[in-house]
Amino acid sequence: MKAKAMRLFIDKYTDAQHEEGTEIEVTKERFKEINSTEYGKLLEEIKTKK
């Protein structure tokens, strides 16, 4: 799934820095994991038409 970074964060597994507005590809499980941190909601889902 595609997601957009809501604010700057560093992915703990890849050490990649994602700035606000950056679009990334993540699994649904990883999306939930990133948004469940103590830092709050970091990603927003980009809905696409199928």
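What follows is calculated from the coordinates using simple rules that are stated; it is not laboratory data. Predicted model only: the values in this text are computed from it and were never measured. Glycine also receives a Cβ, built like all others from the backbone with ideal geometry; neighbour counts cover every protein chain displayed.
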Can you bin the range 2-45 into rounded, prolate or oblate? Criterion: square roots of the alpha carbon gyration tensor eigenvalues sorted a ≥ b ≥ c, rounded for a/c under 1.5, prolate for a/b above b/c, oblate for the rest.
rounded
Counting other beta carbons within 10 Å of each Cβ, put K49, K4, K28 in order, fewest first.
K49, K28, K4
Neighbour-count ranking [beta-carbon atoms within 10 angstrom, fewest first] of K2, K12:
K12, K2
Extension gain D11-E33, at 0.36 nm per residue separation less the Cα-Cα distance, in nm?
6.8 nm
